[in-house]
Amino acid sequence: MNTIIQEVTDRIIERSQATRKAYLEKIERARKNGPLRGQLSCGNLAHGFAACNPADKADLRSMTKANVAIVSSYNDMLSAHQPYETYPQILKQAIAEVGSVAQFAGGVPAMCDGVTQGNAGMELSLMSRDNIAMGAAIGLSHNMFDSAIMLGICDKIVPGLLLGGLSFGHLPTVFVPAGPMPSGLPNKEKARVRQEYAEGKVGRDALLEAESQSYHSAGTCTFYGTANSNQLVVEVMGLHLPGSSFVNPGTPLRDALTKAAAVQATRLTDLGENYMPIGHVVDAKSMVNGLVALLATGGSTNHTMHLVAVARAAGLIVNWDDFSDLSKATPLLTRIYPNGSADINHFVAAGGMSLLFKQLLDAGLLHNDVNTICGRGLDQYTKEPQLRDGELEWVDGPQTSLDKEVLASVEQPFKPDGGLSVLDGALGRAVIKTSALKEPVCHIKAPAVVFEDQYALDEAFQSGQLDKDCIVVVRFQGPSAIGMPELHRLTPPLGVLQDKGYKVALVTDGRMSGASGKVPAAIHLTPEAYKGGLIGKVKDGDLIEINTATGELILHVDQAELDAREFAKVDLSMSHVGMGREMFGGMRATLTGAEEGACSLFYDQGPIA
């Protein structure tokens with residue numbers, strides 16, 4: 001093993017001793033001999049299978065067959081989740097054919113950041129993750145099930161399902177993807193039209209046409225944002241079937257993998273000899289594997305919160321220093337938009353997951369002594385699925401990249417590190433994604449231009465007030481303030497300023513998209529302005545310095561001057577009402593800081609160290 005990766009793993013294990021021990025004890029208490037439904041009273045059980053067909057009802061009464069829970073985030077407004085409409089019947093049929101039973105345990109919400117971006121609904125986005133976790137837990141709480149299948153793909157849905165699934169850590173749990181849409185308008189062209197629209201060079205019709213050609217069918221968006229980062233990380237953590245993450249929907253191979261995943265969920269239950277609950281798959285080593293794969297591919301910055309929360313759900317304590325140190329040891333191996341012009345389908349064609357696994361394992365960058373839903377170790381994940389004469393097989397994948405502009409080697413990476421840095425200073429702690437920047441190191445020192453919300457920037461941009469070197473500060477965007485919406489709509493105007501030759505950057509206590517791109521952005525700043533973070537005292541013209549080489553985020557203002565200043569005051573009431581936001585006041589009040597996962601689920605379990 002790479003020594004840095006081993007050191008980070010060891011310190012996670014060390015700092016998590018008490019919490020991990022408590023977690024394992026909890027899931028062991030939940031484990032019972034025989035089918036879990038055997039603990040129910042006759043009345044409870046009768047309610048649980050009342051609507052089943054006679055054959056399933058007889059199987060569930062017999063206490064000899066496994067019962068698999070299906071939890072789905074299907075809706076047909078999200079392109080990524082629309083294919084899930086037919087999955088329950090496919091899964092039930094495949095499970096019935098091997099002599100077990102499946103029941104649809106519950107549905108969870110799935111909202112799309114692409115639809116809500118720049119709108120009021122986005123302020124529910126991050127909080128929807130915890131809502132999804134609770135919804136999954138409610139579905140599983142009937143205690144009718146011996147294993148679970150989770151259907152989810154996009155931004156907050158997979159982390160939410162992971163959180164919910166890990167709360168039932170005694171259950172074997174298989175995640176089943178639906179795959180990306182076929183390639184449409186090239187990402188580079190889409191970005192060009194967006195920027196031209198921001199400059200006023202093209203109208204809304206041209207912009208809508210470009211977006212429609214890009215997002216054009218069922219399946220996950222093809223850029224490498226949070227959705228595709230989710231799929232890659234979950235596979236590397238051993239919760240997908242090998243090579244299943246990026247097979248297009250509606251294809252024979254996709255259907256075969258879905259059926260195989262259903263069967264696998266029956267093989268892992270406590271009724272057989274291969275019991276493997278999710279709480280034993282997700283441990284310190286598998287978490288580190290997920291982080292390494294995320295960094296090696298320049299994945300979504302949203303996971304600096306999501307994976308912290310997921311780790312905590314498994315009794316593990318992960319912090320941003322772990323991300324930063326792992327980034328230093330992990331070479332950047334892919335160029336997928338926004339880190340390049342290729343999309344996720346091009347990544348698959350270049351060698352995909354099997355080659356990524358092989359390279360990371362050969363270089364000692366992944367722990368191989370881990371549990372997966374397919375057994376012990378990751379060697380099987382270096383193979384890729386194929387259909388041969390209608391039968392699903394796993395065969396050796398490419399040994400070298402088929403497109404070195406998309407998938408590089410450890411020996412000749414695109415960058416020597418994973419492109420994620422932690423910034424620290426009087427302003428607080430923030431993360432910055434450097435993998436998509438033109439230069440490997442970001443060092444900018446410029447006067448601040450301060451905004452209290454993302455919409456005020458538009459007028460300043462249009463009026464030319466930002467035509468200068470500047471660091472844009474957008475505050476009161478944190479978890480407790482307004483739910484920490486993504487601020488991806490700021491990317492086009494800031495990109496225009498950058499292309500005009502100005503040195504620009506962003507500092508915010510909000511989020512950027514999982515598709516954070518070429519504009520330097522110190523994001524997730526904690527403590528947030530709403531909780532008294534120093535960002536609340538920054539004024540227009542204050543010099544701010546960002547330096548990824550030294551990891552510094554500096555406010556060049558005399559301490560005496562800062563002490564004399566009052567914190568900015570802002571009325572957030574209009575962000576707490578409408579679009580359902582009034583119902584989430586209690587959740588906002590319990591959200592932890594960004595480095596603690598921006599999570600409401602563990603407030604009674606003490607802080608994350």
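Coordinate-derived values only; no laboratory data. All values reported here derive from a predicted model rather than from experimental measurement. Neighbour counts run over all protein chains shown; Cβ positions are idealised from the backbone, glycine included.
Remarks
- Taking other C-beta atoms within 10 Å as the exposure proxy, LYS438, LYS190 rank LYS438, LYS190 from fewest upward.
- Mean residue ellipticity, 222 nm, helices only, the chain: the sum of -39500 (n - 2.57) across DSSP H runs of n ≥ 4, divided by residue count and rounded to 500, is -11000 deg cm²/dmol.
- SER409/ASP571 FRET efficiency (R0 51 Å; Cβ-Cβ; nearest 0.05): 0.40
- Counting only alpha carbon atoms, the long axis of helix 17-30 and the longest principal axis of the chain meet at about 30°.
- Here is the size of region 464-609 from its Cα atoms: Rg then Dmax, 16.3, 50 Å.
- In range of the label at GLN89: residues from region 33-70 whose backbone nitrogen is under 20 Å from the point 7 Å along Cα→Cβ: 51-57, 68-70
- In terms of the mean number of neighbouring beta-carbon atoms within 10 Å, the peptides 498-511, 391-404, 248-261, 325-338 order highest first as 325-338, 498-511, 248-261, 391-404.
- Here's the list of lysines a cross-link from LYS65 could span, going by alpha-carbon distance under 16 Å and ignoring same-chain residues fewer than 8 apart: LYS32, LYS57, LYS92.
- Angle between the chain longest axis and helix 125-140 axis [Cα atoms, degrees, rounded to 10]: 10 degrees
- Helix axis angle, 87-97 relative to the chain longest principal axis, alpha carbon, degrees: 30 degrees
- Of the beta bridges in the chain, as assigned by DSSP with both residues counted there, near 50 percent are antiparallel.
- Over the chain, relative contact order from alpha-carbon pairs under 8 Å, at least 6 apart, %: 14 percent
- Placing a label point 7 Å from the Cα of ALA456 along the Cα-to-Cβ line, the residues of region 530-553 whose backbone N sits under 18 Å from it are 530-544.
- Percent of alpha-carbon pairs separated by more than 21 Å within region 230-314: 39 percent
- With a Förster radius of 25 Å applied to the C-beta separation of ALA55 and SER141, the computed FRET efficiency comes to 0.45.
- Cα-projected label distance for MET63 with LEU562, points at 7 Å along beta-carbon direction, nm: 6.5 nm
- Backbone N under 16 Å from the LYS503 label point (7 Å along Cα→Cβ), restricted to region 440-458: 440-449
- Here's the list of lysines a cross-link from LYS531 could span, going by alpha-carbon distance under 29 Å and ignoring same-chain residues fewer than 8 apart: LYS156, LYS433, LYS445, LYS539, LYS569.
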